[in-house]
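The values are calculated or read from the model by the stated rules, or taken from the named source; none is laboratory data. None of these values were measured; they are calculated from a predicted model. Cβ atoms come from the backbone with ideal geometry, glycine included; neighbour counts cover every protein chain shown. These accessible areas exclude ligands, DNA and RNA; they are computed on the full protein's heavy atoms, side chains included. Shrake-Rupley method; radii C 1.70, N 1.55, O 1.52, S 1.80 Å.
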Amino acid sequence: MITEALLKERDKQAKWNGIPLLLQKLYEQSHPNSDFSQCQSILKLLVEILMRPTLITQKKKQKISDDLIKDCLSILYNTCICTEGVTRRLAERNDFVLFLFTLMTNKKTFLQTATLIEDILGVKKEMIQLDDIPNLSSLVSSFDQQQLANFCRILAVTISELDTGSDDKHTLLAKNAQQKKNLGPSRAEINQATLLNIPGFIERLCKLATRKVSETTGTSSFLQELEEWYTWLDNALVLDALMRVANEEAEQSSTESSDESGLANTSTRTQLPQSMKIMHEIMYKLEVLYVLCVLLMGRQRNQVHKMIAEFKLIPGLNNLFDKLIWRKHSASALVLHGHNQNCDCSPDITLKIQFLRLLQSFSDHHENKYLLLNSQELNELSAISHKANIPEVDAVVNTDRSLVCDGKRGLLTRLLQVMKKEPAESSFRFWQARAVESFLRGTTSYADQMFLLKRGLLEHILYCIVDSECKSRDVLQSYFDLLGELMKFNIDAFKRFNKYINTDEKFQTFLNQINSSLVDSNMLVRCITLSLDRFENQSDAKVAEVLSECRLLSYMSQMSMRMSFLFRLINIIHVQTLTQENVSCLNTSLVILMLARRKEKLPFYLRTLQQMEYTEKYPGFILNNFHSLLRFWQQHYLNKDKDSTCLENSSCISFTYWKETVSILLSPDRTSPCAIVSYIDEAYMDIDRDFSEE
């Protein structure tokens, strides 16, 4: 917009060395679909300008003005957006990428730098190592809380494993092959360890995740403002830029504590709407919760657990639950610009999902899960154990009461309350069920189950499966998995089930849902099978009564039904298509056969499978497939790095018995009544095929 003559005149006076003219020329080439080759030389110059102070060897380092740095960064960023190939070319210069981090120490250039780094890391083929960033620890320490939250956007790229396909959908064969190639820890794992070694890092993240937003406006005006802002603000960095403009007048001195400056220092003349402050805080928490969630699932999980418990992340989130995390929406759906109202991309929705994912990671197979309760609820767990005359769970007894939730309800109870009010079509149902199920995972606890049963969870799940006739496969799977954990070995749960499913019509609807997709329902089938086996071996009168009355237990006690499930479970999976999602079908089929082996009925089950093959007119097709699946099972689960405790805890069957059963089934001795090969005719034998990732 400025004439070339004026730029030249100003250039002479200010000694700009022709840089503004070069920027103007670059700008002219920086439009969508412009030619990368034409602006390449100028881009090189921009990079050189930015890096000049670090490249020269003179004792007295040159200092570049903040405005010039900002201009260079803005031009680079806009060129990346407009011209294909620029971002990738910048990403190839590792020295430049690492140099950009040093510009983040300057508050005036932080936003432009962070935005550019995020774009570059998004296309970089090789993940950077955080250890290579100069003075990383002091850099992070220099950030105020808002900068740290935005830095988490960048960290997310460096600590998450590179996506090689959806985790659940990627085959186990491919994953195992990849693990053999990668003998050491991945770059993401190394970066996670680097972050944990930064003093005070986790503590500051916990403070960010749990800090409150001052609420000064009424509900009606707040919701009205929120809808207006939601239509076009969808990026925390955009909000930061606006916040900074609004705060410039108020920032005459920077004496505020970095942890406490928060959102309160807005100028009276440029006061921002409360809704923007809340959305700003929501976006910060999104980034922080994501980083904490990834760290909770990493190799240093126990270390992270200890730290976030100590810094009271869970009680802090509990205090924010009603007013921020699960606050009420207006009747009209709030959506982002460019999205429709069925889209799950709004910050409000994403925060809820990220929060639920964090709870799932936090509770899963870890004794710290009891921090989700308050002291009164922990006492209730103890009372349930005493009443049932069973020992208290050690983890309950050992829970540090100073670290649990405070207030009338703990976080788990609050989650149950909103879960039961969730609309039938809500996308949150899946994540809510996953979060609650993770609390029950591990060694089955009668007290944990009763705590949830007393709050009507079983009836809610059955309502969703049967009465609302849920159609979403993901939601159904999460409900079946949760129902399995809730009912396993618990005679009271089966009694409640029978009271709710009190007609043949309801029971048939329930069975139809189970049979519609065994991949989704097989964990529930496993739970019913295991529970039936245990109940049949008990002499308790109450158990005998429920066994005789419960439709579900009566159904599973029929040999024909168990064989039907076994046949279909083996038939729907193959070695080449095994994933993290469907491998449970293989383990469920093994559970059925292990229980048969205990009763010395394994030969009968194998012979019946053989007969079913002939009935289907495909001799050998099930048993050959099962033989291959079990050979893969040995390779997969007998790996020295594989944790087998999950299989033990979920089934209450020792892993030794799992291994023995698989070995017996795979025996090459055709005279053995328990070997699969004994039931495959020579003409149909196809068990020696090698399975490797194609």
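Using label points projected 7 Å from each Cα along Cα→Cβ, tell me how many nm separate residue 467 and residue 408, to one decimal.
About 2.5 nm separates the two model spin labels.
Using a Förster radius of 30 Å, what is the FRET efficiency between residue 644 and residue 417 based on their Cβ-Cβ separation? Nearest 0.05, please.
Calculated value: 0.25.
Tell me, what ³J(HN,Hα) does each residue in the stretch 531-539 have, in order and in whole Hz, if you take phi through Karplus 6.51 cos²θ - 1.76 cosθ + 1.60 with θ = phi - 60° and put x for Gly and Pro?
5, 4, 4, 5, 4, 5, 9, 9, 10
Using a Förster radius of 60 Å, what is the FRET efficiency between residue 395 and residue 8 based on their Cβ-Cβ separation? Nearest 0.05, please.
Numbers: r = 75 Å, r/R0 = 1.24.
That pair, residue 395 with residue 8, gives E of 0.20.
Kirkwood Rh over Cα pairs of the stretch 577-637 into Stokes-Einstein at 25 °C, 0.890 mPa s: D in µm²/s?
On the way: Rh = 12.6 Å.
For the chosen part, D equals 195 µm²/s.
Listed here are the pairs 495/601; 323/408; 212/352; 207/306; 212/421; which of them are more than 18 Å apart at the Cα?
495/601; 212/421
Among 623, 610, 596, whose Cα lies farthest out toward the positive end of the dipole of the stretch 596-643, if unit charges sit on the beta carbon of Lys, Arg (+1) and Asp, Glu (-1)?
Toward the positive end, the furthest listed residue is 596.
For 124, 488, 387, give the ranking by accessible area with the largest first, probe 1.4 Å.
Details: 124 35, 488 10, 387 180 Å².
Descending order: 387, 124, 488.
Give the accessible area for residue 454 in Å² (nearest 10); use a 1.4 Å probe, count only protein heavy atoms, and leave out ligands, DNA and RNA.
Accessible area of residue 454: about 120 Å².
Assuming 0.36 nm per residue, please report the length gained on full extension of the stretch residue 600 to residue 635 beyond their Cα-Cα distance. Write out the running numbers ahead of the final one.
On the way: separation 35, 0.36 × 35 = 12.60 nm, distance 2.66 nm.
Between residue 600 and residue 635, full extension yields 9.9 nm more.
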